[in-house]
Amino acid sequence: MRVSLTWENTDCLDLDSYPGRDTLKVKRTSGTAAAEAAWSKSLLVKAEGAGTVAHAGVVLPRLLADRVGLTGAFRDVLARRGFRPGRDRGRAVTDTVAALASGARCLSDVEAMTAQVELFGPAGGASDTTVLRVLGEYADRLGEDGLAGRALARATAKVRSRAWEQIVARHGRLPAVRVAGKDLTRPGRGEDVPVLVIRLDATVIAAASAKEGAEANYKGFGFHPLTAWCSNTGENLAMMNRVGSAGSFTAADHVKVLDAALAQVPAAHRREVLVSVDGAGASHGLVEHLDALNTAGQHGRRGRGVEYSIGWPVDARTRSAIEATGEGDWSAGLTATGGAEEHAQVVELTGLLRHSHTGDLLSGWPGDMRIFARRTPRSPGEQAQLGQDPNWRYGAFATNTPTGQVQHLDVRHRTQAHVEDRIKELKACGATRLPSTSYDRNSAWLHLAAHAVTVLAWLRLLALEDDLAVAEPKALRFRLLSAPARYVRHARKRVLKIPTGWAWATHLADAFDRLRALHPA
């Protein structure tokens, strides 16, 4: 007879003393499976967590909005004569912004998050229908073009000026954009001054249903908003919602968004500005408008220096200039950190375009505009499209910067790719799910999502340190904003107690203390 026995742990079993050891078949197990399940044997999950709160870190964007005056600004702008709402409108807007910054994606998410009276107070929570009404009231403060109306723009510009004052007070100056491993600055009185970099870019917001203004576009069906961002701080400066079929090269829209963005910049930081746009900005209307804004040449220090770096089409005239270059005309490019880029080369084409054998190919464009080209080898097996070079991929850009090495101007233009990070943050803050069939309310929702990105940018600069100061929304939410806490009352104070086992508990508490130390607006 053969016996088969199983022990969970055979370390203490003496098999030699067993009389039937020749026919004994033992299946040894280490007990791992039992140990893996042991942690959950005595665990219960119940919806009875009185005295605890979720997303305790949402107090950071809420407090920041109060300290810089954003809550009061929205309250004043949305106020209506003879109407006293049951929910404070300034509170409702900033609570929605804080919820979007913390991961809310729709109206029901906002309602669920703001329903926590321990964090938002008994008058803070708003139902989804109330938020929808607030969106309608906010939309009434937008212009016909979808940009912020005069009163709203002035209010947010005033808040931004106060926030930037606090940023300069903490860091000594506004952060500078890094180009080729160095700060992008201009000589100033006593010290170099960071160049303010404004980036314009459009994006596509998909719509799953037939919403007002949703139309077919080159990526599917939805909307095609145009945005402006400040690369120095990472915040949004202007938001224009547009119908899905809006053109990428519409100069009038770019001019409006650029002017709205410049109006948001505090006056002290408008002296040295670089405007960066991808190939959609290569239009006469935008370039001529930028040329008119650049008054430094006429008025010296009293003028405003506005430079631009805009994507340029590799069309027939550009290709003719590229074909006229010699191999010795091309220079090795630079990486983003300033090192040599072995497989990329750059060259200036301005002279070849201005003085081609068929005449001036840039006639009608500003006389100080310069054109540069960049080439990289095609990957093995990559097939070129009809009419393209079989060995090289080409790109080009235009700028009015009069001096500087070709390589430096090229890597400066390629920092335009940073705007994609801002667009990604915008979509991470609720922009991908527009909540209404109304075009105006959806425009207001996009504005609040842009405000959420801005508040997170200010939070990094005013309250966070080390890797948290450069963290993306996903990391900030996991480490800070979604942290749980126990809510207690002690000595006439309300206390949020973050678990000490949470690795970023001290960082959250320190950030809250830094924000409380800011002078209230």
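What residue, among those in the stretch 361-377 that are closer than 16 Å to R319 by Cβ and among the charged types (D, E, K, R), is farthest from the chain's Cα centre (by Cα)?
Within the stretch 361-377, the match that is farthest from the chain's Cα centre (by Cα) is R375.
What tally of residues in the stretch 88-123 results from selecting those that are in a loop (DSSP other than H, G, I, E, B) and under 23 Å from T454 (Cβ atoms)?
The number of residues fulfilling the criteria is 6.
Would you check if S309 is outside any loop (DSSP other than H, G, I, E, B), closer than 30 Å to T185 by Cα, assigned by TED's automatic domain parsing to the domain that holds G247 and hydroxyl-bearing (S, T, Y)?
The answer is yes for S309.
Scan the stretch 390-406 residue by residue and report those that are in contact (Cβ under 8 Å) with a residue 40 or more places away in the chain and under 20 Å from A324 (Cα atoms).
Y394, G395, A396, F397, A398, V406
Mind listing whichever residues of the stretch 244-282 are more than 23 Å from R162 (Cβ to Cβ) and among the charged types (D, E, K, R)?
Selection gives D253, K256, D278.
Just checking, which of D76, D145, D66 is acidic (D, E), in contact (Cβ under 8 Å) with a residue 40 or more places away in the chain and assigned to a loop (DSSP other than H, G, I, E, B)?
When all the criteria are applied, what remains is D145.
Here is a check on your reading of the model: is N391 touching a strand residue (DSSP E or B) at 6+ places or on another chain (Cβ under 6 Å), polar (S, T, N, Q) and on the phi < 0 side of the Ramachandran plot?
The answer is no for N391.
In the list T337, T403, T350, which residue meets the criterion of being modelled with pLDDT of 95 or more and either polar (S, T, N, Q) or surrounded by fewer than 19 Cβ atoms within 10 Å (Cβ to Cβ) (or both)?
Just one listed residue meets the conditions, T350.
Which of the residues that make up the stretch 411-441 are not in a helix (DSSP H, G or I) and not polar (S, T, N, Q)?
Within the stretch 411-441, R433, L434, P435 meet the criteria.
If R173 satisfies every condition in (1) assigned to a loop (DSSP other than H, G, I, E, B); (2) among the basic types (K, R); (3) crowded, with 18+ Cβ neighbours inside 10 Å but one, which is the exception?
(3)
For the stretch 483-500, how many residues are outside any strand (DSSP E or B), modelled with pLDDT of 90 or more and not β-branched (V, I, T)?
The number of residues fulfilling the criteria is 3.
A quick yes/no check of all residues on (1) in contact (Cβ under 8 Å) with a residue 12 or more places away in the chain; (2) in contact with a helix residue (DSSP H, G or I) (Cβ under 9 Å, 6 or more places away or on another chain); (3) of a type outside the set (K, R):
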position: H418; (1), (2), (3): yes, no, yes
position: A428; (1), (2), (3): yes, yes, yes
position: D440; (1), (2), (3): yes, yes, yes
position: L446; (1), (2), (3): yes, yes, yes
position: W458; (1), (2), (3): yes, yes, yes
position: R489; (1), (2), (3): no, no, no
position: L496; (1), (2), (3): yes, yes, yes
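Look through the stretch 169-192, keep the residues that are of a type in the set (V, I, T) and in contact with a helix residue (DSSP H, G or I) (Cβ under 9 Å, 6 or more places away or on another chain), and return whichever of them is farthest from L462 (Cα to Cα).
Only one residue tops the list, namely V179.
Take the residues in the stretch 178-192 that are more than 21 Å from Q407 (Cβ to Cβ) and among the small types (G, A, S), then tell me which one is surrounded by the fewest Cβ atoms within 10 Å (Cβ to Cβ).
G190
Every residue, every condition in (1) in contact with a Pro (Cβ under 9 Å, 6 or more places away or on another chain); (2) surrounded by 18 or more Cβ atoms within 10 Å (Cβ to Cβ), yes or no:
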site	(1), (2)
A457	no, yes
L461	yes, yes
F478	no, no
A483	yes, yes
R486	yes, no
R492	no, no
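State all residues of the stretch 253-279 that are out of contact with any strand residue (DSSP E or B) (no Cβ under 9 Å at 6 or more places or on another chain) and either modelled with pLDDT under 95 or part of a strand (DSSP E or B) (or both); if no residue qualifies, say none.
A267, A268
Of L196, L119, which residue is crowded, with 16+ Cβ neighbours inside 10 Å, touching a strand residue (DSSP E or B) at 6+ places or on another chain (Cβ under 8 Å), more than 19 Å from L434 (Cβ to Cβ) and not assigned by TED's automatic domain parsing to the domain that holds F249?
On inspection, the qualifying residue turns out to be L119.
Looking at the stretch 330-346 only, could you name the residues that are over 23 Å from P380 (Cα atoms) and out of contact with any helix residue (DSSP H, G or I) (no Cβ under 9 Å at 6 or more places or on another chain)?
T337, G339 - these are the residues of the stretch 330-346 that are over 23 Å from P380 (Cα atoms) and out of contact with any helix residue (DSSP H, G or I) (no Cβ under 9 Å at 6 or more places or on another chain).
Go through (1) over 28 Å from T203 (Cα atoms); (2) part of a helix (DSSP H, G or I); (3) free of Cβ contacts under 8 Å to residues at least 24 places away in the same chain for L508 and report which single condition fails.
(3)
Take the stretch 353-388 and flag every residue that is of a type in the set (D, E, K, R), under 21 Å from S331 (Cα atoms) and touching a residue at least 24 places away in the same chain (Cβ under 8 Å).
R370, R374, R375
Only one residue in L515, L476 is assigned to a helix (DSSP H, G or I) and either over 15 Å from A56 (Cβ atoms) or more than 19 Å from the chain's Cα centre (by Cα) (or both). Which one?
The match here is L515.
Taking the conditions exactly as written (surrounded by fewer than 24 Cβ atoms within 10 Å (Cβ to Cβ), among the aliphatic types (A, V, I, L, M), over 15 Å from the mean Cα position of the chain (by Cα) and farther than 25 Å from V314 by Cβ), does A280 satisfy them or not?
No, not satisfied.
With the requirement that a residue be among the acidic types (D, E), farther than 24 Å from T350 by Cβ and touching a Gly at 6+ places or on another chain (Cβ under 9 Å), what does the stretch 406-446 give you?
Hits for the stretch 406-446 are D421, E425, D440.
The values are calculated or read from the model by the stated rules, or taken from the named source; none is laboratory data. Keep in mind that what you see is a predicted model, and the values were worked out from it rather than measured. Glycine gets a Cβ as well: all are built from the backbone with ideal geometry, and neighbour counts include every protein chain shown.
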